[in-house]
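These notes concern the structure reproduced below.
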Amino acid sequence: MTFGTRLRTAREQCDLSPEQVYDNIGLPVKSLSEYEADLTAPDPETVNELVKLYKVSPYFICGLSDVYAPLVSPVDMLDLTPLSEPNKLLVKEIFLALYKLDALGIK
């Protein structure tokens, strides 16, 4: 599977049109079309923006894995349904702060 095919697969898995990609990150439709057709390659910053938008593993996009794997935020694994909206936001903020500290190796 080519790089462009991987980009198109990830976009289609998100049910996003090229126009919606433009609306979200400002990437011109023509540029996206060229990337998906393997005519040109995006710069690393654009790849990062697409990975975040598509919520897909960068390993899949870059060809290091053939398995399409959506990224799941650790916060998305929490069941916050019994909480009120303000408490849900508070728990998410605390959890993300702790997760970032842990990722940085700060105990």
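Numbers at a glance
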read-out	value
Failed item, numbered, when SER33 is tested on (1) polar (S, T, N, Q); (2) part of a loop (DSSP other than H, G, I, E, B); (3) modelled with pLDDT of 95 or more	(2)
Counted residues, the stretch 76-107 - those being modelled with pLDDT under 80, in a helix (DSSP H, G or I), charged (D, E, K, R) and more than 20 Å from LYS55 (Cβ to Cβ)	1
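The values are calculated or read from the model by the stated rules, or taken from the named source; none is laboratory data. For clarity, every value in this text was computed on a predicted model and none was experimentally measured. So basically every Cβ, Gly included, is an ideal-geometry build from the backbone, and we count neighbours across all protein chains shown.
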